[in-house]
Amino acid sequence: MRTYDVAPLFRSSVGFDRVFDLLAQVERTEASAAWPPYNIEKVAEDEYRITMAVAGFTPDEIELTQHDTALLVSGQKKSQEGERQYLHRGIAARTFRQTFNLAEHVKVTGASLENGLLTVELKREVPEALKPRRITIDGTQAAVGQDNAPAQIEGEAKAA
């Protein structure tokens, strides 16, 4: 794998530590991180879905934990009473641990396990206080609330 030197970016950027940490983490990713196989879909503008193939696991053997911007999905098979004797074992039932880095304000809205597929629904919910707001320049009137209406240019308003 190629290595990239991001040191020059440190000289001209402020507050991008998380991005640089993610780039460094990509270099350290283990090969085992590809199991179990998974898909990441963009369902709508601010909605996403992670689908993982976890055949042989039951809902009580899988744990989902979200801490800040990290989603941890782990699975561990419980010991089976009266161990079976396999002649061929093609369905992997090994313990797994997969971490997904989420953008800020992305929350897990639901999870389901059906037909061996674990589906995790995610949604970005940006608080009102962090959404863009229009600031008046006049100085006589304070900007109150949020105004997402497009600003009209004086010449366009006369033409209309």
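Read-outs: derived from the displayed coordinates by stated rules, not from any lab. Computed from a predicted model, the values in this text were never measured in an experiment. Here Cβ is always computed from backbone atoms with ideal geometry, including for glycine, and neighbour counts include all displayed protein chains.
Suppose each label sits 7 Å from its Cα in the direction of the beta carbon; what would the VAL108-HIS88 distance come out to in nanometres?
3.5 nm
Report, ordered by chain and residue number, the lysines lying within cross-link reach of LYS42, taken as a straight Cα distance under 17 Å and ignoring same-chain residues fewer than 8 apart.
Straight-line reach from LYS42, under 17 Å: LYS107, LYS123.
Which of the listed residues, MET52, SER112, ASN101, is farthest toward the dipole's positive end in region 46-118, when Lys, Arg count +1 and Asp, Glu count -1 at the beta-carbon?
Of the options given, the answer is MET52.
For the residue pair ARG49 and LEU64, what label-to-label distance in nm results when each label sits 7 Å from Cα along the Cα-to-beta-carbon direction?
Calculated label separation equals 1.3 nm.
Would you please give the residues with an amide H less than 5 Å from that of VAL54, counting only those at least 5 places away or on a separate chain, with H modeled from the backbone geometry?
Those lying under 5 Å, H to H, from VAL54 are LEU117, LEU118.
LYS131 to ASN39: FRET efficiency via 1/(1 + (r/R0)^6), r the Cβ-Cβ distance, R0 22 Å, to the nearest 0.05?
Between LYS131 and ASN39 the formula returns 0.15.
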